[in-house]
Every structure is written in C-alpha cells, then in structure tokens.
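The structure under discussion appears below in the form of structure tokens.
The values are calculated or read from the model by the stated rules, or taken from the named source; none is laboratory data. All of these numbers come straight from a predicted model, not from anything done at the bench. FYI the Cβ positions are ideal-geometry reconstructions off the backbone, even for glycines, and counts take in every protein chain you see.
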Amino acid sequence: MQRRGLLLILSSPSGAGKSTLARRLMDWDPTIRFSVSATTRAPRPGEQDGREYYFKTRTAFEDLVATGQMLEHAEVFGNLYGSPRGPVEAAMTEGRDTLFDIDWQGGQQIRNSALGRDVVSVFVLPPSIAELDRRLRGRAQDTDEVIAGRMAKSRDEISHWAEYDYVLVNDDLDQSFNNLLTILEAERMRRDRQPALSDFVRGLNREFESR
C-alpha cells in the first residue's frame, strides 16, 4: 500500500554530525529526495540549476514567497534562500520522503507551513561542548576566529532543542544513525501516512460479510 511521503528535518549546531547523518540516510535509501534550495545568488562555476540550487531572480523569488510557494526562506548576506514547495509536494504524492538539512529557523517555518502535519523533526546534539569544539577543530578547515563564531552560534541553536519531535545525542555515529532509522521507519508506518488503509480495512470487512 502506497503511503504519503513525509518531510524529515535534521538540525544541529555545526559539528554535531547532522550532515554526516543526512548523507548516510540517503545512501541507505536512495529514494529519499534531498531538498534543493532556491537562491537569488549567482551560480558559481560548475553549478547547475536544479542540482546545487534553483537559481532565481529576486523578483521571481519574491513572487514565490508571495504566492505561498516557499516552505521557508531567509536572507543571508544580501541573498535570498528558501525551500520550494512544489517539488516537495510532488515527492509526497509519489510516496517519497524529502530530507531537509536546515537550521532551527527554517525548521520552524516549515512546521508552521501548510505541510506542517507531514513534518518529522530531529535535532542532533553533541555529547559535550568540548567534543563539539574538538570536532570543529578536527576538520582543519576553519580559522580560530571562524571556529569561535561557530561555537558562539551553537549556544543559541542548542537552546531550540525542545521544539523538535526527536533529539539524538550523537556520541556514537553508528548508534545515532540506527536511532535515526528507527525514527524514520516508525514514522513511515503512521496510520495517517497510509491513505490506502481505509480501503484495505473495508475489503477485510467485506470478506467477513461474505463468509
């Protein structure tokens, strides 16, 4: 029986493991659609429309917002970014899940959107602040100043943990991934995500009546 697709939101402070879990999840189930954002910034060399981003003019982007076709949006350093509603709804109709790797503000907007009832939100916490700092430094990608900025931002992000349906403390990546799979598989089986169940049960009742 075909089910209704869901919107899986993953959020965390930088370095807690959200993006790694997202990549593992998509490798585990290639039918999961990763939400491609729209943006008003210009494409960079090698980027393709519809792959890295949907590239829009500011006027076109603002029209999408005004007509309710953006699930969430924000302005960052002078450019607009957001999650288009159309591709998500198409995936849901096909019974495919859409994965969002976004911050708490974007997650809040999606939960408050017309598709909010289809959202499953998961917040990923680090096992400690010391470990979070160690992971950020272990990347060897950022300066001390950038790391300090990420750590300062993390405190605000972590303060929103209670707004999520589920919380994972990522002290062991394999265990956290297994827990994420448990959440996803259980949510996929929810009665209200299986619209064909009513017809199926009616069929069972007809069998009773014909005995």
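Exactly one of (1) closer than 26 Å to TRP28 by Cα; (2) surrounded by fewer than 19 Cβ atoms within 10 Å (Cβ to Cβ); (3) at pLDDT below 95 is unmet by TYR166. Its number?
Of (1) closer than 26 Å to TRP28 by Cα; (2) surrounded by fewer than 19 Cβ atoms within 10 Å (Cβ to Cβ); (3) at pLDDT below 95, only one is false for TYR166: (3).
If you go through the stretch 113-137 one residue at a time, how many are under 19 Å from THR182 (Cα atoms) and in contact with a Gly (Cβ under 6 Å, 6 or more places away or on another chain)?
The initial filter retains those residues of the stretch 113-137 that are under 19 Å from THR182 (Cα atoms), namely 118-125.
Of the ones still in play, those that are also in contact with a Gly (Cβ under 6 Å, 6 or more places away or on another chain) are 121, 124.
Number of matching residues: 2.
Based on this model, can you work out whether ILE147 counts as out of contact with any Gly (no Cβ under 6 Å at 6 or more places or on another chain), closer than 26 Å to PRO30 by Cβ and either of a type outside the set (Ser, Thr, Tyr) or in a helix (DSSP H, G or I) (or both)? Even if it seems obvious, please write down each step before you answer.
Numbers: out of contact with any Gly (no Cβ under 6 Å at 6 or more places or on another chain): yes; closer than 26 Å to PRO30 by Cβ: no; either of a type outside the set (Ser, Thr, Tyr) or in a helix (DSSP H, G or I) (or both): yes.
In short, no.
Applying the selection to the stretch 1-48, what residues are more than 15 Å from the chain's Cα centre (by Cα), surrounded by 12 or more Cβ atoms within 10 Å (Cβ to Cβ) and assigned to a helix (DSSP H, G or I)?
Matches in the stretch 1-48: TRP28 only.
Per-residue answers, yes or no, for (1) of a type in the set (Ser, Thr, Tyr); (2) within 16 Å of GLY116 (Cβ to Cβ); (3) within 16 Å of the chain's Cα centre (by Cα):
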| position | (1), (2), (3) |
| --- | --- |
| TYR54 | yes, no, no |
| ARG58 | no, no, no |
| GLU62 | no, no, no |
| MET70 | no, yes, yes |
| ASN79 | no, no, no |
| ARG85 | no, yes, yes |
| VAL88 | no, yes, yes |
| ALA91 | no, no, yes |
| LEU99 | no, no, yes |
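Criterion first (without any contact (Cβ under 8 Å) to a residue 40 or more places away in the chain, among the basic types (Lys, Arg) and part of a helix (DSSP H, G or I)) does ARG134 satisfy it? Let's see the steps before the verdict.
Details: without any contact (Cβ under 8 Å) to a residue 40 or more places away in the chain: yes; among the basic types (Lys, Arg): yes; part of a helix (DSSP H, G or I): yes.
Answer is yes for this residue.
Of all residues in the stretch 111-128 being modelled with pLDDT of 95 or more and of a type in the set (A, V, I, L, M), which is farthest from SER19 (Cα to Cα)?
VAL119
State which residue is nearest to SER159 (Cα to Cα) when the search covers only the stretch 101-134 and only residues that are basic (Lys, Arg) and loosely packed, with under 15 Cβ neighbours inside 10 Å.
Among them, the one singled out is ARG134.
Report, by residue number, each residue of the stretch 50-100 that is of a type in the set (D, E, K, R), buried (at least 19 other Cβ atoms within 10 Å of the Cβ) and part of a strand (DSSP E or B).
Listed by number, the list holds a single entry, GLU72.
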